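Q: Can you read through this structure? Questions will come right after.
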Amino acid sequence: MALTQSAGCALTIKLALVKNWAYKETVVAGETQSVIKDFIIEYERYKTIAEKAIAQVSEADLNRVVSLDNNSIATIMKHISGNLLSRFTDFLTSDGEKPWRNRDSEFEDGNYDPAELRQMWDEGWSVLTSELSKLSDEQLGQKVYIRGQAWTVHGALCRSLAHFSYHVGQIVFLARTLSDGQWDWISIPKGASSEYNKNPTKEKKPH
């Protein structure tokens, strides 16, 4: 399949499928375009967004549940970590929903200090980054399983990244809600789009 940029751009990016349904890296403007590298960059980008939001929240507010039947930031962090540990432990060779995972326990309210949360968060990310570092684009069409259902590696990574970014949005919303107006903007501040466009420092760097 081919992905063509806007008419104002002469560059055409082609992402080819080889016979075994694995994605093949292609060279664009003298540089290798790696799909796996793009996934790594996006995971890291959302991780940074989450951590910048979490850093603005007090210890008490990390565990605060703002309304009935909702989750605290701490609970969302536990869930993200549990999900990453389950999905990416032996990513290519075992089902992503591990028999040792207790998903329901990830949503149990508790009182966690920042050090405990940091440890859980880092454990999940360590497994993710380790497995991603082993992958190549040639493996993107390989089959993996989640709850017995077959996915390609590419599809499983898309699912995981979408799930993670969804929860990062929740973390940012809660952190901003709990900031009482003392919010250090992570994205473009309200009313500042035109000024930002003159110097777009928050954009993903091209590669």
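The values are calculated or read from the model by the stated rules, or taken from the named source; none is laboratory data. In this text, all values refer to a predicted model and were calculated from it rather than measured experimentally. Please note: Cβ atoms are built from the backbone with ideal geometry, for glycine as well, and neighbour counts cover all protein chains shown.
Q: Filter the helices (runs of 4 or more DSSP H) completely within the range 68-185 down to those with at least 2 residues that are without any contact (Cβ under 8 Å) to a residue 12 or more places away in the chain, over 17 Å from the mean Cα position of the chain (by Cα) and under 29 Å from Gln56 (Cβ atoms).
A: Ranges flagged: 114-134.
Q: When only residues in the range 158-180 that are at pLDDT 95 or above and among the hydroxyl-bearing types (Ser, Thr, Tyr) count, which is surrounded by the fewest Cβ atoms within 10 Å (Cβ to Cβ)?
A: Only one residue tops the list, namely Tyr166.
Q: Residue by residue through the range 149-207, note down the ones that are of a type in the set (A, V, I, L, M, F, W, C) and closer than 30 Å to Asp95 by Cβ.
A: Residues of the range 149-207 that are of a type in the set (A, V, I, L, M, F, W, C), as a first pass: 150-151, 153, 156-158, 161-162, 164, 168, 171-175, 178, 183, 185-186, 188, 192.
Result: Ala150, Trp151, Val153, Ala156, Leu157, Cys158, Leu161, Ala162, Phe164, Val168, Ile171.
Q: From the set of residues in the range 142-157 that are among the small types (Gly, Ala, Ser) and surrounded by fewer than 18 Cβ atoms within 10 Å (Cβ to Cβ), which is farthest from Val65 (Cα to Cα)?
A: Ala150
Q: I want to confirm something. Restricting to the range 117-175 and keeping residues that are in contact with a helix residue (DSSP H, G or I) (Cβ under 7 Å, 6 or more places away or on another chain) and of a type in the set (Asp, Glu), which single residue is farthest from Ser105 (Cα to Cα)?
A: Filtering the range 117-175 for residues that are in contact with a helix residue (DSSP H, G or I) (Cβ under 7 Å, 6 or more places away or on another chain) and of a type in the set (Asp, Glu), the one farthest from Ser105 (Cα to Cα) comes out as Asp137.
Q: Here are some conditions: (1) surrounded by fewer than 15 Cβ atoms within 10 Å (Cβ to Cβ); (2) over 15 Å from Ser72 (Cβ atoms). Trp125 meets all but one. Which one does it not meet?
A: Against the list (1) surrounded by fewer than 15 Cβ atoms within 10 Å (Cβ to Cβ); (2) over 15 Å from Ser72 (Cβ atoms), Trp125 comes up short only on (1).
Q: Let me ask something additional. Look at Leu117 and say whether it is in contact with an Asp or Glu (Cβ under 8 Å, 6 or more places away or on another chain), surrounded by 15 or more Cβ atoms within 10 Å (Cβ to Cβ) and modelled with pLDDT of 95 or more.
A: no
Q: Another question about this same structure. Hey, can you tell me all the residues within the range 49-67 that are under 16 Å from the mean Cα position of the chain (by Cα) and of a type in the set (Lys, Arg)?
A: Lys52
Q: For a quick check of your reading of the model, give me the residue pairs whose first member lies in the range 35-62 and is assigned to a helix (DSSP H, G or I), whose second is acidic (Asp, Glu) and modelled with pLDDT of 95 or more, with beta-carbon atoms closer than 8 Å and at least 6 apart or on different chains.
A: Pairs found: Val35/Asp137; Ile36/Asp137.
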